[in-house]
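Encoded as structure tokens, the structure appears first; notes follow it.
The values are calculated or read from the model by the stated rules, or taken from the named source; none is laboratory data. This structure is a prediction, so every number in the text was calculated from the model and none was measured. Cβ placement follows ideal geometry from the backbone for every residue including glycine, while neighbour counts extend to all protein chains displayed. Ligands, DNA and RNA are excluded from the accessible area calculation, which covers all protein heavy atoms including side chains. Shrake-Rupley method; radii C 1.70, N 1.55, O 1.52, S 1.80 Å.
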Amino acid sequence: MKFVSILLALPLTMAISACATTSTDASAPAAASMAGAKLMAGDGSARGTASVTEAADGLHVLVKAQGLTPGIHAVHVHMTGTCTTPDFASAGGHWNPTGRKHGMNNPAGMHMGDMPNMTVGPDGSGAIEYVIAGGTISGEATPLLDADGAAVVIHAQADDNMSDPAGNAGGRIACGVLAAG
Ligand SMILES: [Cu+2]
């Protein structure tokens, strides 16, 4: 009986200590396992949120957008964590730490920041959920939050998942800076 309770208690203890490490050492990028962003439009108004959670298989990305034009929109992680209105050019190109070409259908692809298109419904809202294989929030070979950070960007048009460097996705209609925590 004692053996059983030790087995049950061990994962809980580990989970608690993992949380404690993250919360007491939040200023150290190496401890981060989550990041979030508030998306805004070119006029600075809110357009939803993005969250990134690190797991064993990579980065789990959830983007929930609102106030957009119905239709299909490209969504990417861009390389620089700066969203300057109105065109968000400040976010730079796609996050591409492995030096690949753009597009999940491109034989020389893909960028780590490439993600599936998002369908926005008649009410202006849409969401995507995607796992960036092998990605990490910080540390390792391909940290998302490197020195200049990263941003989530939504485009005016769909990504053709092939054309380098940006999938012919048109202008940047929403942007959010990813911040640890
Ligand atoms: Cu993009």
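Which peptide among 148-161, 84-97 comes first, and what is the full order, when sorted by highest mean count of other Cβ atoms within 10 Å? Spell out each step's value before the answer.
Details: 148-161: 21.7, 84-97: 17.6.
Going from most to least packed, we get 148-161, 84-97.
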Quick check for you: with a 1.4 Å probe and neighbouring chains kept, what is the accessible area per residue of segment 39-93, in Å²? 42
Work out the FRET efficiency for Ser51 and Arg100 from their Cβ-Cβ distance, taking R0 = 35 Å, and round it to the nearest 0.05. 0.90
Once amide H atoms are built 1.01 Å from N in the peptide plane, which residues 5 or more positions from Met40, or in another chain, come under 5 Å H to H? Arg47, Cys175, Gly176
Quick check for me: using +1 on Lys/Arg Cβ and -1 on Asp/Glu Cβ, what's the dipole size of segment 59-159 about its Cα centre, in debye to the nearest 20? 140
Where labels lie 7 Å past Cα in the beta-carbon direction, separation of Ala147 and Lys38 in nm: 2.9
Of Gly58, Thr119, Gly42, farthest towards positive along the dipole that unit charges on Lys, Arg, Asp, Glu beta carbons give segment 34-180: Gly42
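How far, in nm, would the chain grow between Thr119 and Thr84 when pulled straight, counting 0.36 nm per residue and subtracting the alpha carbon separation?
Values: separation 35, 0.36 × 35 = 12.60 nm, distance 2.49 nm.
The span from Thr119 to Thr84 would gain 10.1 nm if fully extended.
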Rounded to the nearest 10 Å², the 1.4 Å probe accessible area of Asp164 is 80
Using the basic label-point model (7 angstrom from Cα toward the beta carbon), what is the Thr69 to Ala156 distance in nanometres? 0.6
At what distance in nm do the modelled label points of Ser163 and His60 sit from each other, each positioned 7 Å from its Cα along Cα→Cβ? 3.5
